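Report on one structure; see the data block that follows.
The values are calculated or read from the model by the stated rules, or taken from the named source; none is laboratory data. Bear in mind the structure is a predicted one, so any value in this text is a computation, not a measurement. Cβ sites come from the backbone with ideal geometry, for glycine too, and all protein chains shown count toward neighbours.
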Amino acid sequence: MEWVILILSGVLEAVWATALGASKNFRRLWPSIIFVVAMALSMAGLAYAMTVIPVGTAYAVWVGIGAVLTAAVAMVTGAEKASLIRVALLLGIIGCVVGLKAIG
């Protein structure tokens, strides 16, 4: 169960990171609200997962999921340019996260 919560918390990290950018320095109401709610839920889930999963592994997985999804959303929406090398590097992050789960 902790792994599921950790993965969902990583997804919420991507939500709050994307909302933070969309908030335009907290000048836009709804992205700012989404940021606060998603960040609180993401941190709570990470904290819960760390009760069973080692801190280093949990944090690396959480950050990896959030970073990959945030970058993917930016590429899909056109906010960042997609390229073969960017996708390959993101796949490398995914491989590392899966590796941490496999050896844990």
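For A71, the conditions (1) surrounded by 16 or more Cβ atoms within 10 Å (Cβ to Cβ); (2) in a helix (DSSP H, G or I); (3) in contact (Cβ under 8 Å) with a residue 40 or more places away in the chain are fulfilled apart from (3). Scanning the stretch 74-99 for residues that are closer than 15 Å to A17 by Cβ, surrounded by 12 or more Cβ atoms within 10 Å (Cβ to Cβ) and of a type in the set (V, I, T) returns a single hit, I93.
Go through the stretch 47-68 and give me each residue that's in a helix (DSSP H, G or I) and surrounded by fewer than 14 Cβ atoms within 10 Å (Cβ to Cβ). Those that are in a helix (DSSP H, G or I) and surrounded by fewer than 14 Cβ atoms within 10 Å (Cβ to Cβ): A47, V55, G56. None of L20, L8 is out of contact with any Gly (no Cβ under 8 Å at 6 or more places or on another chain) and either assigned to a helix (DSSP H, G or I) or crowded, with 19+ Cβ neighbours inside 10 Å (or both) except L20.
In this structure, does A44 turn out to be more than 18 Å from V97 (Cα to Cα), at pLDDT 95 or above, in a helix (DSSP H, G or I) and among the small types (G, A, S)?
Considered against the rule, which asks whether it is more than 18 Å from V97 (Cα to Cα), at pLDDT 95 or above, in a helix (DSSP H, G or I) and among the small types (G, A, S), A44 comes out as yes.
If I ask for residues that are of a type in the set (K, R) and either at pLDDT below 95 or within 16 Å of A79 (Cα to Cα) (or both), which ones from the stretch 1-32 would you list? Listed by number, the list holds a single entry, K24.
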